[in-house]
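A.B. asks: Let me begin by handing over the structure; questions about it come next.
The values are calculated or read from the model by the stated rules, or taken from the named source; none is laboratory data. Computed from a predicted model, the values in this text were never measured in an experiment. So basically every Cβ, Gly included, is an ideal-geometry build from the backbone, and we count neighbours across all protein chains shown.
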Amino acid sequence: MVASECVRCRMGGFDVMAKAVPQGLDEAGSGLWEAILSDLPENWELDQRESALLLAACRQLDDVARLEAVIEREGVTAVGSTGQPTVHPAVVEARQGRTTVARLLGQIELPDAEENPQTAAGLRAKRAAQIRWAAQERKKEVA
């Protein structure tokens, strides 16, 4: 992980170190870093694994922003090896980059409205359990 400047903050009655935006992030990555950390409740912090995932997502988002600039400048098509029009390679890479950002962010346990940790997998499991429970309740009502 890139060394980042730290700032002091109060969290849960204890002094802890909260990471400022890491050096080397561009506008898109810095914006994501700030958005995620500013939306966390006061008593919530990311652990080292989650911070590394967030940093990877921010770097990937910067890469996607650069690819989108290439697409903006050069268009979505390119000339293939035999002169045929083809999808610009940056389009494919940007799509894969966006998928990677989503997967990385999905691995971070962010709090829900009640400040309970939730990952994408945890939310899917919770929804599945709610559906099963609702089906059981409907069966009881019919019987």
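A.B. asks: Could you give every pair whose Cβ atoms fall below 7 Å, whose first residue belongs to region 119-143 and is within 29 Å of ARG49 (Cα to Cα), and whose second residue is modelled with pLDDT of 75 or more and not β-branched (Val, Ile, Thr), counting only separations of at least 6 or pairs across chains?
C.D. replies: Qualifying pairs under 7 Å: THR119/GLY106; THR119/GLN107; THR119/GLU109; ALA120/GLY106.
A.B. asks: If the requirement is being under 18 Å from THR100 (Cα atoms), assigned by TED's automatic domain parsing to the domain that holds ARG98, within 12 Å of the chain's Cα centre (by Cα) and buried (at least 20 other Cβ atoms within 10 Å of the Cβ), which of these qualifies: LEU32, LEU67, LEU53?
C.D. replies: LEU32
A.B. asks: Give me the residue from region 82-114 that is in contact (Cβ under 8 Å) with a residue 40 or more places away in the chain and assigned to a strand (DSSP E or B) and, out of that set, surrounded by the fewest Cβ atoms within 10 Å (Cβ to Cβ).
C.D. replies: That would be PRO111.
A.B. asks: Only residues that are among the hydrophobic types (A, V, I, L, M, F, W, C) and surrounded by 17 or more Cβ atoms within 10 Å (Cβ to Cβ): list them for region 38-50, please.
C.D. replies: LEU46
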